Amino acid sequence: MTTENPYIFLKNNFFLQFLIADRFRIYRHIVACSSLLAFLLLTKQWGDYEGMIDHWDWIERWLGLTATFYLNMYVFIPRFFFKGKLATYIILLTLWVFFLLGSTYYLNFVLWKEYIIGRNMIAATKTPASIIIFPALFYVVPFIMTSTLIKTLQVWVKDSERMQELERQANESELQALRSQIQPHFLFNMLNSINILVHIDPEKASYTLVKLSDFLRHLLYQSHEERVFLSSELRFLADYLSLEAMRRDDFTYELTYNEKNIQGIQIPPNILLILAENAVKHSTDSLSPTYIYMKCENKEGWLHFSVRNSVPLEPNSQQKFSGIGLPNLRRRLELLYGNHFELSQEALAQEYIVTLALQL
């Protein structure tokens, strides 16, 4: 016996989708307002008031209940309930309900008192206000509970969709990162360079082996973590660029940051590596010197990371993009940070610049 995934059930259920999906938003509002209007018209006792006041009575009730429904759904719940401010939420909601009921009582039994002609309403005018107002709470509570349920369901489904897409994106990113970053030709070139250095400069060969070991260890272990320390990522970038320097002639690089300035900051793994890999890939030039300059800074609650790399004098038209790439990086950042990031690119004649800003 198999158990159906509740998320799949929600996606395939038209009624639930009508309640939560953005594409049905306008129709949902029309149905909700129309249903409430029909309910009030069908249950109203006509003839309680004289003339047009008899119509203003149900209009006032419709506006009050509609305002309660939407105020709870779009203001009180998102700003207070979902942010853990439960006491504030209860206080504000209670104040609003009593304001609504008090206003309704004032209109019906004070302002429109002289227009009352129905027997039940005439008898109600002799009843204490508290006896009329408090039972009316049970009339308002169902609308509050309904709006709370719908809003909670909407948020839960959207969070589930976001988490599933993040998981899928992470799995795809991990596979693509491993394929692009541990390419056989990269390891072959590095091992071949180390083999030559063993005879020419054994000390340098040993240093290169240590850096290569750190490089592979980072990819195989830290890439599986949800978040890693920024300082660790930057040290890894330095190792990555130092290995690249072993493979190139006339290649210079610089990674600038203040250790104290970034202390304790954590970010998703391999985000900065993607930018470094992109710079390495598209700065290769066998005819002229090349460079990559990186800078990282924590400023006013934002992490700023910039990469500047040289551009080949004669671009290789056969060069193909590989790895995760900037478009997929942007999509991953959208999933992780929403609107709280900035990724920009600037192509100059002899230089290419990529800047990334993440809100911490």
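The values are calculated or read from the model by the stated rules, or taken from the named source; none is laboratory data. Small disclaimer: the values here were computed from a predicted structure and weren't measured. Here the Cβ is made from the backbone with ideal geometry for all residues, glycine too, and neighbour counts use every protein chain on show. Just so you know, the surface numbers come from the protein's heavy atoms only, side chains and all, with ligands and any DNA or RNA stripped out. Shrake-Rupley method; radii C 1.70, N 1.55, O 1.52, S 1.80 Å.
Summary table
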read-out	value
Whole-Hz ³J(HN,Hα) from phi, Karplus 6.51 cos²θ - 1.76 cosθ + 1.60, for the range 203-217, glycine and proline x	5, 5, 5, 5, 4, 5, 4, 5, 5, 5, 4, 4, 4, 5, 4
Derived scalar couplings ³J(HN,Hα) [the range 249-258; Karplus, 6.51 cos²θ - 1.76 cosθ + 1.60; whole Hz; x for Gly, Pro]	9, 6, 10, 10, 9, 8, 10, 10, 6, 10
With all protein chains modelled, accessible area of residue 217 [1.4 Å, Å²]	120 Å²
Length gained when the stretch residue 355-residue 226 is fully extended (0.36 nm per residue, less Cα-Cα span)	44.2 nm
Potential lengthening between residue 16 and residue 337 on full extension [0.36 nm per residue; Cα-Cα distance subtracted]	112.8 nm
Rounded to the nearest 10 Å², the accessible area of residue 121 at probe 1.4 Å	30 Å²
The range 246-312: GluC sites (Glu not before Pro) in DSSP coil with no more than 11 other Cβ atoms inside 10 Å	259, 300
Estimated distance in nm for a label pair at residue 281 and residue 328, the labels positioned 7 Å out from Cα along Cα-to-Cβ	0.9 nm
In the range 30-105, the trypsin sites (Lys or Arg not before Pro) that fall in loop regions by DSSP, at most 10 other Cβ within 10 Å	none
Calculated from backbone phi, Karplus (6.51, -1.76, 1.60) coupling profile of the range 36-46 in Hz, x at Gly/Pro	5, 4, 5, 4, 5, 5, 6, 9, 6, 8, 6
Residue 167 accessible area, 1.4 Å probe, all protein chains in place, Å² to nearest 10	120 Å²
FRET efficiency for residue 254 and residue 67, using Cβ-Cβ distance with R0 set to 45 Å, rounded to 0.05	0.15
Radius, Kirkwood style, for the range 6-180 when every pair of distinct Cα atoms is counted (Å)	19.3 Å
Solvent-accessible area per residue for the range 6-180 (1.4 angstrom probe, square angstrom)	62 Å²
104, 88, 284, ranked by accessible area, largest first (probe 1.4 Å)	284, 88, 104
Contact order normalised by residue count of the range 6-180, Cα under 8 Å, 6+ apart, percent	30 percent
Förster radius 51 Å - calculated FRET efficiency between residue 344 and residue 200, Cβ distance, rounded to 0.05	0.75
Residues with amide H under 5 Å from that of residue 253, placed H, sequence gap 5 or more	292
Listed residues 141, 157 arranged by accessible area, highest first, probe 1.4 Å	141, 157
Exceeding the 32 Å Cα-Cα cut-off - candidates 44/83; 158/281; 83/295; 44/158; 204/281	44/83; 158/281; 83/295; 44/158
Distance in nm between pseudo-label sites at residue 297 and residue 265 (7 Å out along the Cβ direction from Cα)	1.1 nm
Accessible-area ranking of 283, 160, largest first, probe 1.4 Å	160, 283
